[in-house]
Amino acid sequence: MATSFFQARAPAKKKSGKEKENVVNPSLQPWVEKYRPETIDDVSSQEHIVSVLRKTLSSSNLPHMLFYGPPGTGKTSTILALARQLFGPDNFRSRVLELNASDERGISIVREKVKNFARQTPRAEAVASDGKKYPCPPYKIIILDEADSMTQDAQAALRRIMENYARITRFCLVCNYVTRIIEPLASRCSKFRFKPLDSSSARQRLEHIALAEKVPVNEDVISALVSTSSGDLRRAVTYLQSAARLSAATEPPSAILPQDIQEIAGVVPDAIIRKLAQTLGVDVTLIGGRDGDVEMGDAASLTVEPDLRGFDLIRETVRSLIREGYSASQVLSQWLKAHSQLHDVIVEHPTLTGRQKSACALVMAEADKALCDGADEELWILEVALRVHKAVTS
Amino acid sequence: MLWVDDYRPKTLDGLHYHVGLSQRLKSLAASGDFPHMLFYGPSGAGKKTRIAATLNELFGSGVERIDQRVFLTPSRKKLDVNVVQSNYHIELTPSEVGNYDRVVIQEIIKEIAQTQQVDVSAKHRFKVVVINEADSLSRDAQAALRRTMEKYMSNLRIILCANSTSRLIAPIKSRCLLIRVAAPNHEEMLTVLNHVAKRAGAGSLPEDRADEIISDANGNMRKAILVFEAMKMQSPDLSSSLAIAKPDWETYCYKVGDMIIQEQTPQRVMEVRTKLYELLSHCIPPTIILKTIADRVVQKVDESLKADIMHWAAIYENRMRIGNKKIYHLEAWVVKVMSLYKQFFLGIELGDFDDFI
Ligand SMILES: Nc1ncnc2c1ncn2[C@@H]1O[C@H](COP(=O)(O)OP(=O)(O)OP(=O)(O)O)[C@@H](O)[C@H]1O
Ligand SMILES: Nc1ncnc2c1ncn2[C@@H]1O[C@H](COP(=O)(O)OP(=O)(O)O)[C@@H](O)[C@H]1O
Ligand SMILES: [Mg+2]
Ligand SMILES: [Mg+2]
C-alpha cells in the first residue's frame, strides 16, 4: 500500500510524453507564466533593449549578450521570446539550450554539456509547421540563466568555448548581479541593463491582466501593488493573483482592498510603525502624514502591558513585533524607505536636530548589514529601537 | 509521546486560533489553483501544524513514513537526509547538510519534476515538497529553486517554512504566496492550554499558573505546552511555581547571568567559560545562550546599563555568526558586560567623590 513517494509515479516518457505533461490547464496556471511576454514587443518598459534586439531579428547578426538587472524585470522573458521569434517552435529544441541555477553547472558540465552543444554544427532548418516564416539564422543560442550563481571556475571554462565556437554559437548570460560575472566573460558580451519597471508601465500591465482575468480592482489596489513591489513585475503579478484567490476564497467573496495587498506583501501596517515610533519617543503628532494620529485599531495587535516603562517597555514592544511575525528587514526597510514610516518620520521630523537624525540613520545602516549577515532579528530591532530612543530623547 | 505531539490538531478545522487564516487555507486547498507558499512567523506559532493541516485538507490523511535518503554530491560525497513522506508529499530540512543543501534541492526537485502522478485516485496532479528552515538555505540552494518553481508548476508545489522572510532572496519571495503566522495572544494560548489539560485528563489549570506559563512562553505555544506538561509531572496538583518546570539549560543560563553580576574578576571569567562550554556541549544554540543570559543580566542591573548590555549582545551575536568559534564571542561579551558593570560602580563612587569636594 504505502508505496514510496517516488515509486508512486512512473518515469515520464521521453519527449512526446513530456510535451503533453507540460500542457497545463490555463485556469490553473500562475499568471506570471500565463502573461509572460510572447514576443519582445510584449516586453514592457525596456524600450531601448527591445529596439536593439528588434534589429537582430532582421540582420541575422547577434552578439554574445549579458542581461542584468533586478528580479522580475523581464530578462528571462526577453531572451526566451527573442529565441522563439528567431527560430520558431520547430527549431527551438535543436537550436536553443537553456540552463539555469537548478541544473548542475559546475565546471565539468560546462566542459561537457555546454561545450558539446556549442561545437555542434547547427541542424538544418526544419520546416515551420505553423506556416509562419522565421529568420532561423545559422547559429545556436545557449542561455545561461541565473549565471551569477555559477562558480568562478565554471565561468572561466566558458571563456574559451565562447571564443572558439562564436561563429556557430551565441551565448546569453542572464543575471541579477553583474559584478558576480568575471570580467573576461562580461567583456566578451554586449551588456543590457534591465531597469526596474517604472510605475506607469507596471500599472498598465497589471490593469491589462486584471481585465483579462476579470478581477475587479480599483486605482488604490493597483497603486498598492505598484508601491509594494518596487519595480518587480513578477512580484506585483503574484500579489495580484494571491489577492484574487484569497478574495474569491472568503465567504461570501469580497472585493480586494489595498490592505489585503499590504498583508500579502508582508508590509507592516502604518499604524504599527507609528506606534513603535511613539514608544521610542518620536512625537508622531508633529508630522504631516496621511493621517496624524495613530489608529489604535491596527496597532492593537501589539499587546504590551500598560505599566511598563523605559527599557522594559521598548523591549516588550519589540518582542510583540516579533511575535506578530513581521520580519526585521521589512520593518527596517519600511523605516528606511517607505513613505510616512519611521525613517521619514525621523528624517522629515521638524524638531529633531541633524545630529539626532544622523545617529538614527547610522544605526539603521549597521542593522541592515548585520541582518544581511544573518544576525538575530530580535537583538537588532531592539538595538535600533534603543539607539533611536537614546538619540531622540537626549 | 509528549502532549505537544499528542494534542497537535490534525485538520484545519481543529486549529485553535487564526480562524480566518484557516478558512482561507481551506478555500485555497479546494480551489485547484494552489500556489507555492511561504509560511513565516516566530517559533512555536504553529506553522508546521498549519502546514500539516493544509496537506491533510489537500490530500486527506495519508500514511506517513520517516525515511533516510542518501544524496550524492558531484564529488561523490554521501549526504544523509531525514525525510518524512507520503504518497503526496515529502518534507525535508535541507539545511541539515549545510552548504550541500543545493545538491539536495536539485536532486529532489528533479526527481519529482520528472515523474508523473500515476495514482488516478489522487485528488491533485501535483505533489508537495515541504522545506523546513527555509531561511537557513544557502543562496545557491535558493537560486536552484527559482526557475524550477516556474517550470514545474504542473507537477510540483513548494511550501517553505521559515521564521522570517529576511534571509530569503527576493526572486523566491516573488514566487510564493506569503502566509504570516503570528504567535497566539494570551487568551488564545489560554484556550489551547485548557484544551490540552482537558484532553490529557490533567484537571483544571489554575489561572495564576496559566498566567505564569503564558508570560514565560513569549508566544511560543510549543514551549507553553512543554512547560505545562513538565509542571504536571513535577507537581501533579500544580501547586508549585513555574521555576521547577523550567528546562535545565534555562536555569543554568540564569545562573551564569547571576555569576556575572556577583563578581567581575579573571577568576570568574574562567568559571563562566566552563559553564558556557557545558551549555554548548549540550547543543543549546549559542544565540539562545547569549540571549537568555542577557535577559537575566538586564533584570538585575541599573536601567542606565541595560541598553549597553543589549548593544554588545547584538554586536557579539553578529560576530559569532560570521566567526567560527562561538565560545570566543560569548566570552568576549561576558568580559564586556563585566567591565561595563564594574565601570558603572566605579563611576558612582567617583561621582560621589566629585560631589564631596
Ligand atoms: N518587462 C516586462 N514586461 C512584461 N512582463 C514582465 C516584464 N518583466 C517581468 N514581467 C512578468 O514577470 C514575469 C517574470 O519575468 P522574468 O522571468 O523575465 O523575470 P527575470 O527578469 O528573469 O527575473 P529573475 O531575475 O528573478 O529571474 C514574466 O512572466 C512576466 O509575467
Ligand atoms: N492552531 C493551533 N491550535 C492548537 N495547538 C496548536 C496550534 N498551533 C500549534 N499548536 C501547538 O503548538 C505546538 C507547536 O507548533 P508548531 O506547528 O510545531 O510550531 P512552529 O512550526 O511554528 O514552530 C504544536 O505541537 C501544537 O501542540
Ligand atoms: Mg530570470
Ligand atoms: Mg525568470
_Candidate set: the stretch B:211-268, residues that are of a type in the set (Val, Ile, Thr) and either farther than 27 Å from B:ARG199 by Cβ or in contact (Cβ under 8 Å) with a residue 60 or more places away in the chain (or both); chosen: the one farthest from ligand 3 (Cβ to nearest atom)_ = B:THR265
*Residue by residue through the stretch B:166-192, note down the ones that are at the interface with chain A (Cβ under 7 Å from one of its Cβ atoms), in a loop (DSSP other than H, G, I, E, B) and within 16 Å of ligand 1 (Cβ to nearest atom).*
B:SER174, B:ARG175
_Can you tell me which of (1) facing chain A (nearest Cβ under 9 Å); (2) surrounded by fewer than 17 Cβ atoms within 10 Å (Cβ to Cβ); (3) among the basic types (Lys, Arg) is the one B:ARG273 doesn't meet?_
(1)
*asked:* Can you pull out every residue in the stretch A:125-160 that is open to solvent by less than 60 Å² (accessible area, probe 1.4 Å), of a type in the set (Asp, Glu) and not in a loop (DSSP other than H, G, I, E, B)?
replied: A:ASP148
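Okay, residues lined up against (1) outside any helix (DSSP H, G or I); (2) among the small types (Gly, Ala, Ser); (3) within 12 Å of ligand 1 (Cβ to nearest atom):
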position	(1), (2), (3)
A:ASP41	no, no, yes
A:SER44	yes, yes, yes
A:SER51	no, yes, no
A:PRO71	yes, no, yes
A:LEU80	no, no, yes
A:ASN91	no, no, no
A:ARG123	yes, no, no
*asked:* On the basis of being closer than 28 Å to A:GLU378 by Cβ, open to solvent by 10 Å² or more (accessible area, probe 1.4 Å) and part of a loop (DSSP other than H, G, I, E, B), does B:ARG8 make the cut?
replied: yes
*Of all the residues that make up the stretch B:202-219, how many are under 24 Å from the mean Cα position of the chain (by Cα) and either modelled with pLDDT of 95 or more or crowded, with 19+ Cβ neighbours inside 10 Å (or both)?*
5
*Could you please give the count of residues in the stretch A:54-69 that are away from ligand 3 (no atom under 16 Å from the Cβ) and outside any loop (DSSP other than H, G, I, E, B)?*
6
*Tell me, yes or no, whether the stretch A:156-164 has at least one residue that is touching an Asp or Glu at 6+ places or on another chain (Cβ under 9 Å), away from every other protein chain (no Cβ under 12 Å) and within 30 Å of B:MET149 (Cβ to Cβ).*
no
*Counting only residues that are more than 12 Å from ligand 3 (Cβ to nearest atom) and touching a strand residue (DSSP E or B) at 6+ places or on another chain (Cβ under 9 Å), which one in the stretch A:75-91 is most open to solvent (accessible area, probe 1.4 Å)?*
A:ARG84
*Could you tell me which of the residues B:SER166, B:SER136, B:SER174 is farther than 26 Å from A:ILE143 by Cα, in the same structural domain as B:GLY32 (by TED's automatic domain parsing) and buried (at least 21 other Cβ atoms within 10 Å of the Cβ)?*
B:SER166
*Selected residue [at pLDDT 90 or above, away from ligand 4 (no atom under 16 Å from the Cβ) and polar (S, T, N, Q)] from A:SER129, A:SER94, A:SER108*: A:SER94
*Given the structure, is B:ILE288 buried (at least 16 other Cβ atoms within 10 Å of the Cβ) and in a helix (DSSP H, G or I)?*
no
*Kindly indicate whether any position in the stretch A:235-248 is at pLDDT 85 or above, part of a loop (DSSP other than H, G, I, E, B) and either within 12 Å of chain B (Cβ to nearest Cβ) or surrounded by fewer than 19 Cβ atoms within 10 Å (Cβ to Cβ) (or both).*
no
*From the list B:ARG199, B:ARG222, pick out the single residue that is at pLDDT 90 or above, out of contact with any Asp or Glu (no Cβ under 7 Å at 6 or more places or on another chain) and surrounded by fewer than 15 Cβ atoms within 10 Å (Cβ to Cβ).*
B:ARG199
_Checking the structure you have, find out if any residue of the stretch A:175-183 is surrounded by 14 or more Cβ atoms within 10 Å (Cβ to Cβ) and farther than 17 Å from A:PRO71 by Cβ._
yes
*asked:* So in the stretch B:67-94, with the set limited to residues that are within 23 Å of the chain's Cα centre (by Cα) and away from chain A (no Cβ under 12 Å), which one is surrounded by the fewest Cβ atoms within 10 Å (Cβ to Cβ)?
replied: B:GLN68
*If we scan the stretch A:215-228, do we find a residue that is within 14 Å of another protein chain (Cβ to nearest Cβ) and at pLDDT below 90?*
yes
*From the list A:SER60, A:SER77, A:SER94, A:SER51, pick out the single residue that is of a type in the set (Ser, Thr, Tyr) and closer than 25 Å to A:ASP148 by Cα.*
A:SER77
*In this structure, is B:GLU278 over 23 Å from B:LYS223 (Cβ atoms), of a type in the set (Asp, Glu) and either part of a helix (DSSP H, G or I) or modelled with pLDDT under 95 (or both)?*
no
*When B:GLY32 is evaluated against the numbered criteria (1) modelled with pLDDT under 90; (2) closer than 26 Å to B:SER138 by Cβ, which criterion, by number, is the only one it fails?*
(2)
*If you go through the stretch A:106-120 one residue at a time, do you hit one that is closer than 30 Å to B:SER174 by Cβ, open to solvent by 70 Å² or more (accessible area, probe 1.4 Å), away from ligand 3 (no atom under 16 Å from the Cβ) and within 14 Å of chain B (Cβ to nearest Cβ)?*
yes
*If you go through the stretch B:127-157 one residue at a time, how many are more than 7 Å from chain A (Cβ to nearest Cβ) and among the acidic types (Asp, Glu)?*
2
*Report, by residue number, each residue of the stretch A:53-67 that is modelled with pLDDT under 95 and either among the β-branched types (Val, Ile, Thr) or within 13 Å of ligand 1 (Cβ to nearest atom) (or both).*
A:LEU53, A:THR56
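Residues are listed down the side, and each one gets a yes or a no for (1) buried (at least 23 other Cβ atoms within 10 Å of the Cβ); (2) more than 9 Å from chain B (Cβ to nearest Cβ); (3) not in a helix (DSSP H, G or I):
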residue: A:ARG355; (1), (2), (3): no, yes, no
residue: A:CYS360; (1), (2), (3): yes, yes, no
residue: A:VAL363; (1), (2), (3): no, yes, no
residue: A:LYS369; (1), (2), (3): no, no, no
residue: A:LEU379; (1), (2), (3): yes, no, no
residue: A:LEU382; (1), (2), (3): yes, no, no
residue: A:LEU386; (1), (2), (3): no, no, no
residue: A:ALA391; (1), (2), (3): yes, yes, no
*asked:* Within the stretch B:19-51, take every residue that is surrounded by fewer than 20 Cβ atoms within 10 Å (Cβ to Cβ) and within 19 Å of the chain's Cα centre (by Cα) and give me the one that is nearest to the other protein chains (Cβ to nearest Cβ).
replied: B:SER43
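The values are calculated or read from the model by the stated rules, or taken from the named source; none is laboratory data. Every value quoted in this text rests on a predicted model; they were computed, and no experiment measured them. Counting neighbours? That spans all protein chains shown, and the Cβs are built from the backbone with ideal geometry, glycine included. Just so you know, the surface numbers come from the protein's heavy atoms only, side chains and all, with ligands and any DNA or RNA stripped out. Shrake-Rupley method; radii C 1.70, N 1.55, O 1.52, S 1.80 Å.
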